[in-house]
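One structure is given below, encoded as structure tokens.
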Amino acid sequence: MAGTRVLSISANSSATAFAEMQPADTDLPDEAALALSGNDHDTVHSPEKRCAVMFKIVFQELLDAYVSSYRAKDAAACASVYAPDGKLFSPFGPPAIGRHAIEATHRDWVEEGADNKEIRVVDAGGSGDVAWCLAHFSEGSTGSGTSLNILERQPDGAWLITHCSLNLTIED
């Protein structure tokens, strides 16, 4: 059921072109290809919904790379998904402003247990070169929660996180 995205989204890509992409244009995970193909009860008909599905796929891949770096205890690679002036707000410590501060924060975090970190994008959207994604995260003894991320498309077409707000789920 796994697929690898071969989709390249340039800085000149419009949201409409992004939304009008067909499953044949990419190597998508099976469930996304099915949703975009129109052969499923959860068919995505409107350009907005198609765009949201594509944003979810792209941002899930970005966060999958982050999780891989986190599990490898590579704080610099974790910070690389953030813009140079990115901001990270967390209940686990003071705000980290700028990529260097985000890397320093991750240096501490990855040492606390990184093997079972998971992040799943649950919703996403955007317009032009600015987008957002809402993701659920879990990490063993640290707990679980939600992150809200604002992302900006870079001149090379890559997306980087400019703002991340982590919220911890309180268990009863």
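If we scan the stretch 136-149, do we find a residue that is assigned to a strand (DSSP E or B), more than 12 Å from the chain's Cα centre (by Cα) and buried (at least 16 other Cβ atoms within 10 Å of the Cβ)?
Within the stretch 136-149, one or more residues are assigned to a strand (DSSP E or B), more than 12 Å from the chain's Cα centre (by Cα) and buried (at least 16 other Cβ atoms within 10 Å of the Cβ).
Just one of the numbered conditions (1) touching a Leu at 6+ places or on another chain (Cβ under 9 Å); (2) surrounded by 14 or more Cβ atoms within 10 Å (Cβ to Cβ) is not true of Val122; which one?
(2)
Of the residues that sit in the stretch 75-95 and are modelled with pLDDT of 95 or more and not in a strand (DSSP E or B), which one is surrounded by the fewest Cβ atoms within 10 Å (Cβ to Cβ)?
Ala76
Results for (1) over 22 Å from Lys49 (Cβ atoms); (2) of a type in the set (Lys, Arg); (3) modelled with pLDDT under 95, shown as yes or no for each residue.
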{"residue": "Arg99", "(1), (2), (3)": "yes, yes, no"}
{"residue": "Ala104", "(1), (2), (3)": "yes, no, no"}
{"residue": "Asp108", "(1), (2), (3)": "yes, no, yes"}
{"residue": "Ala114", "(1), (2), (3)": "yes, no, yes"}
{"residue": "Val121", "(1), (2), (3)": "no, no, no"}
{"residue": "Cys133", "(1), (2), (3)": "no, no, no"}
{"residue": "Asp156", "(1), (2), (3)": "yes, no, yes"}
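If a residue has to be without any contact (Cβ under 8 Å) to a residue 60 or more places away in the chain and within 17 Å of Arg71 (Cβ to Cβ) to count, how many in the stretch 97-135 make the cut?
16
Quick check, is Gly98 surrounded by 14 or more Cβ atoms within 10 Å (Cβ to Cβ), at positive phi and small (Gly, Ala, Ser)?
When the stated conditions are applied, Gly98 passes them.
Of the conditions (1) hydrophobic (A, V, I, L, M, F, W, C); (2) within 18 Å of the chain's Cα centre (by Cα); (3) at pLDDT below 50, Ala35 clears all except one; give me its number.
(2)
Quick check on the stretch 131-172: of everything there that is of a type in the set (Val, Ile, Thr) and in contact with a strand residue (DSSP E or B) (Cβ under 6 Å, 6 or more places away or on another chain), which residue is farthest from Arg99 (Cα to Cα)?
Our first condition is that a residue be of a type in the set (Val, Ile, Thr); within the stretch 131-172, this holds for 142, 146, 150, 161-162, 169-170.
So of that shortlist, the ones also in contact with a strand residue (DSSP E or B) (Cβ under 6 Å, 6 or more places away or on another chain) come out as 146, 150, 161-162, 169.
Numbers: Thr146: 21, Ile150: 15, Ile161: 10, Thr162: 10, Thr169: 26 Å.
Top of the filtered list is Thr169.
The values are calculated or read from the model by the stated rules, or taken from the named source; none is laboratory data. Predicted model, so just to flag it, every value in this text is computed and none were measured. A quick note on method: Cβ atoms are made from the backbone with ideal geometry, for glycine too, and the neighbour counts reach across all protein chains shown.
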